[in-house]
Every structure is written in structure tokens, then in C-alpha cells.
Amino acid sequence: MSVMQERTLPRSVAGPAAWEGLPAEQQPHWRYHAEYLRTREALAAAPSLVTVAELDTLRRNLATVAAGRALLLQAGDCAESLAECMSDHTAAKLAVLNGLADRLAAGAEAPVVRIGRIGGQFAKPRSQPVEWHDGRELPVFRGHLVNSDVPTRAAREHDPSRMLLGYQASARVLRMLREDRLRRTAGTAVATAGIGSGPWASHEALVIDYEGSAIRTGPGGGSFLGSTHLPWIGERTRQPNSAHVRLLSAMDNPVGCKLGPSTQVTDLLRLCELLDPDRVPGRLVLIARMGVAHIAETLPPLVTAVRRAGHPAVWLSDPMHGNTVRTGDGVKTRHLSDLVDEVLACRAILERSGVHPAGLHLEVAADDVTECVGGKVSGEEMVQRRYTTLCDPRLNPEQAHELVEAWT
Ligand code: PEP
Ligand code: MN
């Protein structure tokens, strides 16, 4: 028997065929695991974590952003931990997100739509399949939806039953987001006060088995992803013919897409046509993560092409992912000064192209971590003091406030 042969899925979990069988990078290897089918069946029968009414509200709010009358802040962990989804953790993360959004709103004198990288940000694309620990080669950590961060061979096995843990943790976190949203709108008439909407949830829609199990049908017959409000496609899976692009193009949620420095105009136009064929304001969020060294050259033709093609996209600057460097000790870090330079360059390019600079996409911790250099973390030698991220280096709240301040 060939182990390479793709297993035929029962109809209950197979999903619509539009993306099944299309190329999907970065997927777990677990289809022969004893828990695989049972987990997918349980997920397929579980309630949606978001409502169609919420998606409609978010899309209207994002349309206001696209029209230049509001800003957007998307921020949170690089990789959420399943061990940090209790109410105290979530409250601390929401306090940081809301604090940054309020700062942005005050500085820019505009309402700010706030979206967390939260309530489902459990799967990570990786550039290498393996990593080294104490001289031993191990399968790389791929996010708590797939395996454990503990550096042993057993803990790094891909385990599909983790998808249920991810769903349950997301459900807890999204309940708290809903409560926070209601609290923020109650009494204070957020809309008239110009403060902006949210907090909404977002994550990278990476694991096709998980996202495919979260598809639900809305009252009007359309399909939506019940796992989050705003799913986004990562830089490594945005090929126009990928399962990721085809899956999200069939969903009614607003969708995001990361764009790195290798993005070609023709690919981007194809991507926009697939994700936003009807040019709907509030449907598409494009997240530029070019790197400070490349943005001046790579971003302008993309912005112009999207504008000319008539897509009313929301353009965000992600200054994190194009500016990762290693310290002398080989630890991943980022320098706040590079991040400031990239967000300012991004803003100037968008303005010159006649496009609204809609805001920022940041990786920020709720705690006073020392993962990035800047502010009180005055040099690379300080980076390892409080370095707790599961994946990429995050700003601490003070550094993130400095970045927001610089941008406004
Ligand atoms: C991320 O947002 O954590 C990420 C992996 O981003 P990108 O797809 O832009 O590399
Ligand atoms: Mn990251």
C-alpha cells in the first residue's frame, strides 16, 4: 500500500470540492492519525463561533475604513498559546488592544476598528520543516493547533485532536470579545463618539482541515467561515491557485491577505479578482509586509495596480514580518526603529498613490516582554531577559504605543 496515496474522506467531512486537492503548503501530516476523522466530524457538528450579523457589521465598519473615514488596528500575538486563553489572559490582551486603538483614535482624531490576532491564531507557517535543540533535530513547532512547543520528538507529532482544543479555546476567547464589544457599545454610543468598533477576532486561515470544518451556511444561502471574523491568507500560501485562496474566495467573511516583497502585480490582480470579484467595500484587507529595505521599490506598483483595477481594499502596514533579524546569539528580534521607518514609508507611499493609509498590523504581547529592541530594551544583549513568544518576537505594550504615536 502506498502511504503517499491521499485518503478518501467520507462525505460528512470532505467539504465542497472547490479547494480539496488543490496545492496547500504548510499542512500538518495527520490524515492517518487515529483521531483524525472523529475530530473532523466533531468540528463539523460544532456551533459557529461567529454570527452572520457580526460579519455584516464588521464589513460595514471596514467599508468606512476603506472610504477613509476610519482607521484599523489589527494586533496581538504571533502565535497564541492554548495555555493563555483563560479570562485573565484574554482580559489583559484586550486591554492592550483597546489601549492602543484608543491612542490611535485620539492621535488621528478618527474612529478605529479594532481587530485582535486572537481567538484562533494557533497555526504557524514555518520556513524550515525541522529545528535543532541541544544537538537534536526535531520537527518544527507549527502552532498549538498542530503540535506542542515542548522540544521532544513525541510532543512535536502532529495531533489532529488539537483542533478540538483550539476550537474550545477560541470559543472561550470569542465569548469575551463579544462581552467586551457589548460593554463598549452600551450606553456610550460608540458610533457617535467616533471611537470605532470591535474588538473583532482574526487569525491566519492556514490549516485547511480546521478551516474547512468551520464552513457554515448563512440564512441567505451563502457560506461563511465560523472560526473567526476576519481570516487572512499568509505570505506563504497566497498563490492564486492555492487551496487557501480558493477556500476564502468562497466565504462571505471579510478576508485579509499578506503581501511580501516578492509579490508580482499580475499575481496580486489575480488574487484580488478571486477574493473581491465584485469590488465590495469592506471585503478585502491587504497587509503589506515588505521590509524597510524593500518597501520603496516593491509597494508603489502594487498599490497603483489595485486602485486602477477598482478594488476598494483596506491597506494596512505590517512592519513586523519583513524586518526580522537575529542577534549575535541567533535569537530572532526586530528593531523598533526599523518598524517606525517602515510604517512611515508605507503611509507616504499610500498617500502619494491617492489611497487611504488605513492603519497597522502589529505583533504585540500583553506583558512587558523584551523580544524586540527599542525603548527600555536598549540593545540586543537585553533581548533574552523576558523572551516568551512561541514564535516571532512581539513588541511590548510600551514599544507598541511608541510605534502608534510615531504613525499618527
Ligand atoms: C504572521 O503574521 O505571523 C506571519 C507568519 O506572517 P506572514 O504570512 O506575513 O509571513
Ligand atoms: Mn508572526
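Read the figures in this text as sums done on the coordinates, not as results from a lab. The model shown is predicted, which means the values in this text are computed figures rather than measured ones. Cβ sites come from the backbone with ideal geometry, for glycine too, and all protein chains shown count toward neighbours.
Restricting to segment 279-290, give me the number of residues that are touching a helix residue (DSSP H, G or I) at 6+ places or on another chain (Cβ under 7 Å) and within 16 Å of ligand 2 (Cβ to nearest atom). Selection size over segment 279-290: 2.
Being within 16 Å of ligand 2 (Cβ to nearest atom) and not in a loop (DSSP other than H, G, I, E, B) is the requirement here; does Leu390 meet it? So Leu390 does not fit the description; no. Of the candidates Arg183, Arg103, the single residue that is over 30 Å from Gly212 (Cβ atoms), among the charged types (D, E, K, R) and in contact (Cβ under 8 Å) with a residue 40 or more places away in the chain is Arg103.
Within segment 181-194, does at least one residue satisfy the condition of being buried (at least 16 other Cβ atoms within 10 Å of the Cβ), out of contact with any helix residue (DSSP H, G or I) (no Cβ under 8 Å at 6 or more places or on another chain) and not in a loop (DSSP other than H, G, I, E, B)? Checked segment 181-194: at least one residue is buried (at least 16 other Cβ atoms within 10 Å of the Cβ), out of contact with any helix residue (DSSP H, G or I) (no Cβ under 8 Å at 6 or more places or on another chain) and not in a loop (DSSP other than H, G, I, E, B). Scan segment 65-104 for residues that are within 16 Å of ligand 2 (Cβ to nearest atom) and either in a loop (DSSP other than H, G, I, E, B) or farther than 22 Å from Gly166 by Cβ (or both) and the total you get is 5.
Out of Asp318, Asp368, report the one residue that is touching a helix residue (DSSP H, G or I) at 6+ places or on another chain (Cβ under 9 Å), among the charged types (D, E, K, R) and away from ligand 1 (no atom under 16 Å from the Cβ).
Details: Asp318 fails: away from ligand 1 (no atom under 16 Å from the Cβ).
It is Asp368.
Take the residues in segment 389-401 that are away from ligand 1 (no atom under 16 Å from the Cβ) and more than 15 Å from Asn323 (Cβ to Cβ), then tell me which one is surrounded by the most Cβ atoms within 10 Å (Cβ to Cβ).
Across segment 389-401, the extreme among qualifying residues is Asn396.
Please go through segment 353-365 and pick out each residue that is part of a loop (DSSP other than H, G, I, E, B) and within 16 Å of ligand 2 (Cβ to nearest atom). If the condition is that a residue be part of a loop (DSSP other than H, G, I, E, B) and within 16 Å of ligand 2 (Cβ to nearest atom), then Ala365 is the only one that fits.
Considering only segment 222-240, I want to know if a residue exists there that is charged (D, E, K, R), away from ligand 2 (no atom under 16 Å from the Cβ) and either under 29 Å from Val96 (Cβ atoms) or buried (at least 19 other Cβ atoms within 10 Å of the Cβ) (or both). First the steps, then the outcome.
Our first condition is that a residue be charged (D, E, K, R); within segment 222-240, this holds for 235-236, 238.
Pick out the ones that are also away from ligand 2 (no atom under 16 Å from the Cβ) and you get none.
Looking for residues that are charged (D, E, K, R), away from ligand 2 (no atom under 16 Å from the Cβ) and either under 29 Å from Val96 (Cβ atoms) or buried (at least 19 other Cβ atoms within 10 Å of the Cβ) (or both), one finds none in segment 222-240, hence no.
Filter segment 310-326 down to the residues that are touching a residue at least 60 places away in the same chain (Cβ under 8 Å) and in a loop (DSSP other than H, G, I, E, B), then identify the one that is farthest from Val285 (Cα to Cα). Result: Thr324. When Ala66, Ala75, Ala169 are screened for being away from ligand 1 (no atom under 16 Å from the Cβ), under 26 Å from Val355 (Cα atoms) and surrounded by 17 or more Cβ atoms within 10 Å (Cβ to Cβ), only Ala66 passes. Only a single criterion out of (1) within 16 Å of ligand 1 (Cβ to nearest atom); (2) assigned to a loop (DSSP other than H, G, I, E, B); (3) more than 24 Å from Pro281 (Cβ to Cβ) is not satisfied by Thr228, namely (3).
Looking at the structure I just gave you, is Gly354 closer than 22 Å to Leu62 by Cβ, surrounded by fewer than 18 Cβ atoms within 10 Å (Cβ to Cβ) and out of contact with any His (no Cβ under 9 Å at 6 or more places or on another chain)?
So Gly354 passes the test.
Can you find, within segment 358-408, the residue that is farthest from Ala67 (Cα to Cα) among those that are touching an Asp or Glu at 6+ places or on another chain (Cβ under 8 Å) and of a type in the set (S, T, N, Q)? In this case the residue turns out to be Gln384. Restricting attention to segment 122-166, the residues that are within 16 Å of ligand 1 (Cβ to nearest atom), touching a residue at least 40 places away in the same chain (Cβ under 8 Å) and aliphatic (A, V, I, L, M) add up to 3.
Here's a check for you: in segment 253-269, which residue that is buried (at least 18 other Cβ atoms within 10 Å of the Cβ) and not small (Gly, Ala, Ser) is nearest to ligand 2 (Cβ to nearest atom)?
Residues of segment 253-269 buried (at least 18 other Cβ atoms within 10 Å of the Cβ): 253-260, 263, 268.
Subset that is not small (Gly, Ala, Ser): 253-255, 257-259, 263, 268.
Working: Asn253: 21, Pro254: 20, Val255: 18, Cys257: 15, Lys258: 10, Leu259: 15, Thr263: 18, Leu268: 21 Å.
Filtering segment 253-269 for residues that are buried (at least 18 other Cβ atoms within 10 Å of the Cβ) and not small (Gly, Ala, Ser), the one nearest to ligand 2 (Cβ to nearest atom) comes out as Lys258.
Are any of the residues in segment 296-309 part of a loop (DSSP other than H, G, I, E, B) and within 16 Å of ligand 2 (Cβ to nearest atom)? Explain how you work it out, then say what you get.
Residues of segment 296-309 part of a loop (DSSP other than H, G, I, E, B): 309.
When the remaining residues are screened for being within 16 Å of ligand 2 (Cβ to nearest atom), the result is none.
Taking every residue of segment 296-309 in turn, none turns out to be part of a loop (DSSP other than H, G, I, E, B) and within 16 Å of ligand 2 (Cβ to nearest atom).
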